[in-house]
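Engineer: This is the structure I have questions about; it appears just below.
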Amino acid sequence: MKIAVLAKVVPDYEVPAGDFELAGNRAHARYTRMIGLYDENAIETGIQLKEKYGATLGIVSYGQSEDVPILRKAIAMGGDSLHLVLGESDDPYVIASNLKIALEQLQDVDLVLAGQQSADLDRGVVHGVLAEMLGCTFLAQISRIESDQGRWTVCQNHESGSRMLQFSGKAVLSITSSPENVPRIPAVRAIMAAKKKPVEKLQGTDAPPMQVEEVKVEIPKLESVCEFLPFEDMQETSRMLLARLREERYL
Amino acid sequence: MKTLIIEKIEPKRIGELVTVGRILGETPDLLALGEGEVPGTYPRAYQCPETIAANLVDGVADLIQRDGYQVVLLSATTLGSEIAGRLGARLKAPVLSEVIEVKPDMTVKRPLYGGKAVAEYKIQGNPVILTIRRKYFEPAPLEGTTAAAVFNVESPSVVLLSEEQVQTQGVRLEDAEIIVSGGRGMGSADNFEVLREMAGLLRGAVGASRGAVDEGWASQTMQVGQTGNIVAPAVYFAVGISGASQHLAGIANAKCVVAVNKDEEANIFKRARFGVVCDYHKFIPALIQALREEQ
Ligand SMILES: Cc1cc2nc3c(=O)[nH]c(=O)nc-3n(C[C@H](O)[C@H](O)[C@H](O)COP(=O)(O)OP(=O)(O)OC[C@H]3O[C@@H](n4cnc5c(N)ncnc54)[C@H](O)[C@@H]3O)c2cc1C
Ligand SMILES: Nc1ncnc2c1ncn2[C@@H]1O[C@H](COP(=O)(O)O)[C@@H](O)[C@H]1O
């Protein structure tokens, strides 16, 4: 079984809104870069499949050479190899076309796992586009995966519950977070070993982007109007809060 | 713009998409997914019992090409994200997800960076596929029902083995006017009991942050935020929630946020109308007591 996980390096997604700054239309370059949150859930899911079924696990990314040291975390967690397609586009069609290059190079990948959405553009589009380009099944928000005689049984989490789905053949799955795929923290020895693993760098391609013009990106104004209530006497504060909520007709 | 809505038979979701469709032109056509009567009236309506997106893409792509739809509207839900990317790639159409503003000249806005920025796009090509973030558009009232033409799925590739709907006691999170949400600061699953009690007294629903869901203290259907439920209650109580931008993205349209957090620097206070800086163990029982006294 051969599995590939798509991992994107993004600016620190935990920067609070008050400290967030743009340079042009994108996050300022001063923020620490890291693997996207959901991509780490996908890596963890991939490692668990590797451990369960003896699969090989390739980490595939589209980005810049500077991302390599950050992507090595995925190897330290348990990935076998790292494949980076070089390029700078943010267009989902261009990204998917480039990820496809690396996946074809890996040959006969059975399952491609992606994060539910990238942690910078928050889009949830690239994986579906890629699945269509590869001509395979795509399912979103998967939390568990099992393989049984050439068939896959997966659990999909949706807004009002979950469902078990089954299919055969190759697929791209977007992985959501669940208590079972909380990303493991790699051991120091694994981090050291990951530094020595070779990285395959591939030249990117100019695929046609979608016909959309990005007009502008702005930071919305956050007006802070918090009224702090006293905390000496909680009974009193509670009554005061309920009175204020009624006064302002929220309750 | 000739527009097609693809949505499950859920009046509020369909209503929001009708509102968006009317910004771009006349009342759109509808492909309703699932069983039951199709609410509202449309120039044309189709109905298909299938709700697995993977099985719908082929037929939907044919329909769009055959009837020349220029805009396809979906909600930004599991179903929407499952269809949008594949359909876009099939039709070589632009795909914009999580859209929060639409103008008649085909400019749209969507958040980036967990809502810390908002991007504006001008769409040039068509057809275009848009997924619309919930609760940003007032749902159009759907009057009457429409006799829909049958839409068939040929050779489905994905099979549904079982379905589990999480039963919510009382009010549904997405419809609730009052929501009491707990975060990682709750400390355990058992501690959510006080939030349930409080929500019960307020006739509200209980929500959670991703932090609490990842800990396994709350079900994923309770998650509020960018990748959970987008909600718009009158009052949102955030208890032991730090206020990460991705969480705030889910409550952008809440009218009043009440934050209870022991860290006075917590970001949630920047969004809150009322704040109580303290350990929730002290405050929530007192609030429950005050609510009981009122009854
Ligand atoms: C792409 C992406 C999508 C995401 N989507 C979502 C989403 O949909 N929803 C979501 O919630 N998050 C989402 N996140 C995660 C988000 O960034 C935060 O990690 C998450 O919201 C943190 O949850 P929390 O506030 O419960 O936990 P923490 O950040 O750990 O905060 C816990 C808070 O509890 C307080 N506290 C501790 N003990 C007490 C006590 N006894 N009394 C009172 N206060 C106490 C602490 O001071 C702290 O502020 C997403 C992230 C990414 C990158
Ligand atoms: N540049 C990239 N490199 C690797 N994977 C990516 C890249 N962009 C997107 N992906 C994958 O596709 C998922 C969805 O991306 P998006 O459509 O941008 O939200 C991400 O969570 C990643 O798993």
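Engineer: Just to be sure I understand: of the beta bridges DSSP finds with both ends in the protein assembly as shown, what percent are antiparallel, rounded to 5? Mind showing how you got there, number by number?
Structural biologist: Details: 41 of 113 bridges.
Among the beta bridges of the protein assembly as shown, antiparallel pairing accounts for roughly 35 percent.
Engineer: Compute for chains B and A the buried accessible surface, both sides summed, probe 1.4 Å, and express it in Å² to the nearest 100. Don't jump to the answer; show the numbers that get you there.
Structural biologist: Values: alone 14710 and 14860 Å², together 22350 Å².
Separately minus together, B and A give about 7200 Å² buried.
Engineer: Right, something else. If you roll a 1.4 Å probe over the heavy atoms of the protein chains, what accessible area per residue do you get for the protein assembly as shown, in Å²? Spell out each step's value before the answer.
Structural biologist: Values: 22350 Å² over 546 residues.
Per-residue value: 41 Å².
Engineer: What span do the alpha-carbon atoms of the range A:2-203 cover on each of the three principal axes, reported in whole Å from largest to smallest?
Structural biologist: 49, 41, 32
Engineer: Quick one: which bits of the range B:112-146 get at least 40 Å² less accessible when the partner protein chains are in, versus the chain alone, with a 1.4 Å probe?
Structural biologist: B:LEU112, B:TYR113, B:LYS116, B:VAL118, B:GLU120, B:TYR121, B:LYS122, B:GLN124
Engineer: Over 21 Å between Cα atoms, which of A:LYS8/B:LYS135; B:LYS2/B:LYS92; B:LYS109/B:LYS135; A:LYS216/B:LYS103 qualify? All intermediate terms of the calculation are to be shown ahead of the outcome.
Structural biologist: Numbers: A:LYS8/B:LYS135 29 Å; B:LYS2/B:LYS92 17 Å; B:LYS109/B:LYS135 15 Å; A:LYS216/B:LYS103 15 Å.
In this structure, A:LYS8/B:LYS135 exceed 21 Å between Cα atoms.
Engineer: Given charges of +1 on the Cβ of Lys and Arg and -1 on the Cβ of Asp and Glu, with all other atoms neutral, how large is the dipole of the range A:1-148 about its Cα centre, in debye to the nearest 20?
Structural biologist: Values: 12 positive and 22 negative charges, 39 e Å.
Once rounded to the nearest 20, the dipole reads 180 debye.
Engineer: Okay, next question. Exposed loop GluC sites (Glu not before Pro) only (DSSP loop, at most 15 other Cβ atoms within 10 Å): please give the longest stretch of chain B free of them, not including the sites.
Structural biologist: Numbers: sites that count: B:GLU26, B:GLU35, B:GLU37, B:GLU143, B:GLU154, B:GLU264, B:GLU265.
No qualifying site falls inside B:155-263, the longest such stretch.
Engineer: Given H placed 1.01 Å from N in the peptide plane, which residues other than close sequence neighbours of A:LYS8 have an amide H under 5 Å from its amide H?
Structural biologist: A:GLY36
Engineer: Continuing with this model, one more query. Against the longest alpha carbon principal axis of chain A, how many degrees, from 0 to 90 and to the nearest 10, is the axis of helix A:234-247 turned?
Structural biologist: Between the helix axis and the principal axis of chain A, the angle is about 90 degrees.
Engineer: Turning to a different aspect of this structure: Using the Karplus curve 6.51 cos²θ - 1.76 cosθ + 1.60 with θ = phi - 60°, what ³J(HN,Hα) values do you get for each residue of the range B:178-192, in whole Hz, with x for Gly and Pro?
Structural biologist: With the stated coefficients, the range B:178-192 comes to 10, 10, 10, 10, x, x, 4, x, 5, x, 6, 5, 4, 5, 5 Hz.
Engineer: To the nearest 10 square angstrom, what accessible area does B:SER155 show with a 1.4 Å probe?
Structural biologist: 110
Engineer: Which residue, chosen from B:GLN295, B:THR146, B:GLY114, occupies the Cα position most advanced towards the positive end of the dipole of chain B, where the dipole is computed from +1 (Lys, Arg) and -1 (Asp, Glu) charges on Cβ about the Cα centre?
Structural biologist: B:GLY114
Engineer: I've got another one for you. When the gyration tensor of the range A:88-134 is built from Cα positions, what are the square roots of 5 times its three eigenvalues, in whole Å, from largest to smallest? Walk me through the numbers before you get to the answer.
Structural biologist: Details: eigenvalues 68, 29, 16 Å².
Ellipsoid semi-axes (Å, largest first): 18, 12, 9.
Engineer: OK, next. With 10 Å bins from zero, work out the P(r) of the protein assembly as shown over every alpha carbon pair and list the percent per bin.
Structural biologist: Once binned at 10 Å, the Cα pair distances of the protein assembly as shown give 4, 18, 28, 27, 17, 6, 1.
Engineer: Here is a further query. A:ALA193 label point, 7 Å along Cα→Cβ, cut-off 12 Å on backbone N: hits in the range A:56-76?
Structural biologist: Within reach of a label on A:ALA193: A:75-76.
Engineer: When we measure straight from the Cα of A:LYS221, which aspartates and glutamates land under 14 angstrom away, once same-chain ones fewer than 8 places off are left out?
Structural biologist: Output for A:LYS221: A:ASP19, A:GLU21.
Engineer: Considering only A:PRO183, A:PRO209, A:PRO220, give the residue with the highest GNM mean-square fluctuation for chain A, with springs between Cα atoms whenever their separation is below 10 Å.
Structural biologist: A:PRO220
The values are calculated or read from the model by the stated rules, or taken from the named source; none is laboratory data. Quantities reported herein were computed from a predicted structural model and do not represent experimental measurements. Glycine also receives a Cβ, built like all others from the backbone with ideal geometry; neighbour counts cover every protein chain displayed. All accessible areas refer to the heavy atoms of the entire protein, side chains included, with ligands and DNA or RNA removed. Shrake-Rupley method; radii C 1.70, N 1.55, O 1.52, S 1.80 Å.
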